[in-house]
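Below: the structure, in structure tokens.
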Amino acid sequence: MYKKIVFFCIYFLYFGSVFVYAINLQEYFPTQPGDGWIYLSKDIENGIENQDYIVKVMQKTSEERVRYLEKGQIDFPSNLEGNCFKDIKWEQDGLKVYRNFDIEDNINEIFPMGALFLPLSLELGEQKTTISGSILLEETGVQVDVPAGTFSDCIKLKIYYEDNEYEECWLAKNIGIVKEVIYETDEQETNELVAARIGNKIIGEPPLCSNIPISFVFSNVISKESSLIFDGVYIQGYEDTFWAKFDFDMSNLYFLLDPQHYGTGSIDEDLNGEEFPGLNFDGIVPYVWTCTTGCAITGGVAIFLQATYNEENYYIELNFDPQSCGFHILHLWSEKGEMWF
């Protein structure tokens, strides 16, 4: 018996130490609708450094798929859809992309059967080919320091593109991408996580509106009749996100906070009232505003919305007023960009 124990210990020391297990990448890339990330982006082109914010969010597009949407600085109202997006879904063999859209590169690709964007799992040192490029799991157990905080036990991926271009990407479990460095022929871009919304929790601190401790950068907005309901509102000092209802006041063109209807949590997907004590939607499914972004990501206070009324699209610029705790309509555009108000 003693010899068997000794043999097992020796076998474990020599062979168990080289045991390799697969990393489940789904645990490192959340795709729940409402999840979002803000990155501080720095790029060096021809020796000149530029700096900006990038927002990436998950939006629900169907019962099965979500839209991974990237927004840089919005060129309002000509570019409300964001810089690029991918319609994605986790499946048995990995994360599949069904549509790839990029306004800058004039790309609009459709994949009816889905194309592999990220494999379901990788072992250390293993490399797999995807539509993004050849992905290598280079390191595990890495500590990464970014503006959103310190993340331990991260994994590092290396993605090889064409023309000797590549990307290094660090992901934290249940958080997503916390840092990426993209190496191109004449440019290098670094994106570091500033804040994230995972479920109804905020990690880090989103850039705030000017002079007030509030951020709407992670907000989703729905409309019911003449009211707006925001979720994902960040208030400095609170880890949980807030939701709030704002009612339209025609006399001064304001959406004013309804003091009876606000709280922590998020907008319930089927709007059955459980997340909104005292609210009754009477079976009405409100129109979902297709775009909301806070200029708060660059220090401003405006929020841009795209909506439909009488089968016509129009765009609204709202400005948050902390004194009245409401949104004032600043501008109203037609779908063609003509200013109505």
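The values are calculated or read from the model by the stated rules, or taken from the named source; none is laboratory data. Since the structure is predicted, the reported quantities are computational estimates derived from the model, not experimental observations. For neighbour counting, all protein chains shown are included, and Cβ atoms are generated from backbone atoms with ideal geometry for every residue, glycine included.
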Task: Selection count, the stretch 122-144, where residues are in a strand (DSSP E or B) and out of contact with any Lys or Arg (no Cβ under 9 Å at 6 or more places or on another chain) - done: 5
TODO: Inspect all residues belonging to the stretch 99-115 and state whether any of them is of a type in the set (D, E), in a strand (DSSP E or B) and surrounded by 16 or more Cβ atoms within 10 Å (Cβ to Cβ).
DONE: no
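I'd like to check something: does the stretch 169-184 contain any residue that is surrounded by fewer than 18 Cβ atoms within 10 Å (Cβ to Cβ), farther than 17 Å from N24 by Cβ, among the basic types (K, R) and in the same structural domain as E70 (by TED's automatic domain parsing)? Don't jump to the end; show me each part of the working.
Looking only at the stretch 169-184, we keep the residues that are surrounded by fewer than 18 Cβ atoms within 10 Å (Cβ to Cβ), and these are 173-174, 181, 183-184.
Next, from what is left, pick out any that are farther than 17 Å from N24 by Cβ: 181, 183-184.
Narrowing further to those that are among the basic types (K, R): none.
Among the residues of the stretch 169-184, not one is surrounded by fewer than 18 Cβ atoms within 10 Å (Cβ to Cβ), farther than 17 Å from N24 by Cβ, among the basic types (K, R) and in the same structural domain as E70 (by TED's automatic domain parsing), which makes the answer no.
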Open item on the list: Going through V233, V301, V217, V288 one at a time, which residue ends up being aliphatic (A, V, I, L, M) and at pLDDT 80 or above?
Closed with: V233
Task: In the stretch 41-62, residue surrounded by the fewest Cβ atoms within 10 Å (Cβ to Cβ) [restricted to those that are in a strand (DSSP E or B) and among the hydroxyl-bearing types (S, T, Y)] - done: S41
Open item on the list: So the check is Cβ under 9 Å with 6+ separation or different chains; which pairs have a first residue in the stretch 142-156 that's without any contact (Cβ under 8 Å) to a residue 12 or more places away in the chain and not assigned by TED's automatic domain parsing to the domain that holds C169 and a second one that's in a strand (DSSP E or B) and of a type in the set (D, E)?
Closed with: none
